[in-house]
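Trainee: What follows is a single structure, and I will ask about it in a moment.
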Amino acid sequence: MDRRTVCITGSTHGIGLGIARAFAADDYRVILNSHIRDDHAELAIGELSALTDVHFVQTDLAGPGAAERLVDEAYAHWGRLDTLVNNAGTFLDAPFGQLTEDIFERTFALNVRAYLFASQAFANRVAEGQAGASIICVGSTNSMAAERDSVAYDTSKGAVLMLVKSLAVTLASRGIRVNGLGPGLVRTPLTAAALGSEDLRKSLARQIPLGRIAEPEDIGGAAVFLASDEARYITGQMLFIDGGILANQLSWGAEP
């Protein structure tokens with residue numbers, strides 16, 4: 001049997017790179033993607049090429065037709081895909097009274113529309129009878145719990161949760177499983193500015209039951225599991241990888 005191949009959108013840094021590292025360690029061939037071939041991309045390509053076969057596709061998934069072009073190029077390069085990981089996303093929120101149509105549309109173009117049409121392109125290319133085909137969509141704890149002044153982002157991540165369920169039901173008869181990952185607070189370039197203060201990082205970590213902010217590598221193993229044969233009877237689920245954030249109620253006792 002040919003080695004399995006995975007395509008991961010937005011995978012040259014942050015959570016996407018953590019997921020790519022995990023698949024590479026599991027001997028998958030990896031399609032990396034970013035909207036730009038910058039230093040992050042070159043470092044990711046070099047690092048993962050030492051572990052497995054890597055192909056990089058530069059495309060801005062927020063653009064019309066870009067998600068389909070990414071999947072088409074992935075198939076053109078290796079002739080098959082086993083797993084698509086929809087990960088590329090953005091956070092552009094402003095205070096609610098200052099939200100604009102442009103912010104809303106740019107958020108949904110990448111966080112939702114690209115997921116949907118990349119999934120459609122993947123499903124349309126999966127060969128009849130191909131075993132083990134799966135789609136993984138990266139949502140967030142914000143798929144389930146809101147944050148103040150995060151209306152556009154929260155709404156987009158709520159849409160990802162329902163997209164996972166709807167695609168799972170729609171594609172089950174074709175043997176394609178669809179699941180999601182819901183990371184909590186993860187240390188990435190996207191969160192770096194917000195986590196700039198050491199005091200803030202410590203305060204946030206104290207509120208997470210497992211006592212620390214996640215690293216991208218904490219997400220990768222769960223993605224590999226959901227793509228594996230061990231998860232062959234799992235579809236339509238969002239696996240939250242949050243250190244216990246969503247399980248935690250407000251503390252009425254002394255601060256630990």
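Trainee: So if I check each of 21, 113, which one is over 21 Å from residue 221 (Cα atoms), out of contact with any Cys (no Cβ under 8 Å at 6 or more places or on another chain), among the basic types (Lys, Arg) and modelled with pLDDT of 95 or more?
Mentor: Step by step, each of 21, 113 is checked, and only 113 is over 21 Å from residue 221 (Cα atoms), out of contact with any Cys (no Cβ under 8 Å at 6 or more places or on another chain), among the basic types (Lys, Arg) and modelled with pLDDT of 95 or more.
Trainee: Mind listing just one residue for me: the one in the range 168-222 that is more than 26 Å from residue 134 (Cα to Cα) and of a type in the set (Ser, Thr, Tyr) and, of those, surrounded by the most Cβ atoms within 10 Å (Cβ to Cβ)?
Mentor: Per the criteria, the residue is 191.
Trainee: Here's a follow-up. Are there any pairs with C-beta distances below 9 angstrom linking a residue in the range 189-207 that is modelled with pLDDT of 80 or more and part of a helix (DSSP H, G or I) to a residue that is exposed (fewer than 12 other Cβ atoms within 10 Å of the Cβ) and not aliphatic (A, V, I, L, M), with the two at least 6 apart or on different chains, and if so which?
Mentor: From residues that are modelled with pLDDT of 80 or more and part of a helix (DSSP H, G or I), the pairs are 203/197; 205/211; 206/255; 206/256.
Trainee: Has the range 92-102 got any residue that is assigned to a helix (DSSP H, G or I) and surrounded by 17 or more Cβ atoms within 10 Å (Cβ to Cβ)?
Mentor: For the range 92-102, residues assigned to a helix (DSSP H, G or I) and surrounded by 17 or more Cβ atoms within 10 Å (Cβ to Cβ): absent.
Trainee: Now, a different point. Quickly run through the range 223-251 and pick out the residues that are surrounded by 13 or more Cβ atoms within 10 Å (Cβ to Cβ) and assigned to a helix (DSSP H, G or I).
Mentor: Hits for the range 223-251 are 223, 224, 225, 226, 227, 231.
Trainee: Hey, can you tell me all the residues within the range 209-227 that are closer than 13 Å to residue 241 by Cα, β-branched (Val, Ile, Thr) and in contact (Cβ under 8 Å) with a residue 40 or more places away in the chain?
Mentor: The one that is closer than 13 Å to residue 241 by Cα, β-branched (Val, Ile, Thr) and in contact (Cβ under 8 Å) with a residue 40 or more places away in the chain: 219.
Trainee: With (1) over 17 Å from residue 19 (Cβ atoms); (2) surrounded by 15 or more Cβ atoms within 10 Å (Cβ to Cβ); (3) aliphatic (A, V, I, L, M); (4) over 20 Å from the mean Cα position of the chain (by Cα) as the list, and residue 62 as the residue in question, which single condition is left unmet?
Mentor: Status for residue 62: all satisfied but (4).
Trainee: So if I check each of 56, 91, which one is at pLDDT below 95 and within 18 Å of the chain's Cα centre (by Cα)?
Mentor: 91
Trainee: Among the residues in the range 162-172, are any among the aliphatic types (A, V, I, L, M) and over 30 Å from residue 3 (Cα atoms)?
Mentor: yes
Trainee: For the range 123-156, how many residues meet the condition of being assigned to a helix (DSSP H, G or I), among the aliphatic types (A, V, I, L, M) and more than 27 Å from residue 173 (Cα to Cα)?
Mentor: Matching residues across the range 123-156 total 2.
The values are calculated or read from the model by the stated rules, or taken from the named source; none is laboratory data. Note that the structure is a prediction, hence the values are computed from the model and not measured. Because the Cβ atoms are built from the backbone with ideal geometry, glycine has one as well, and the counts that use them run over all protein chains shown.
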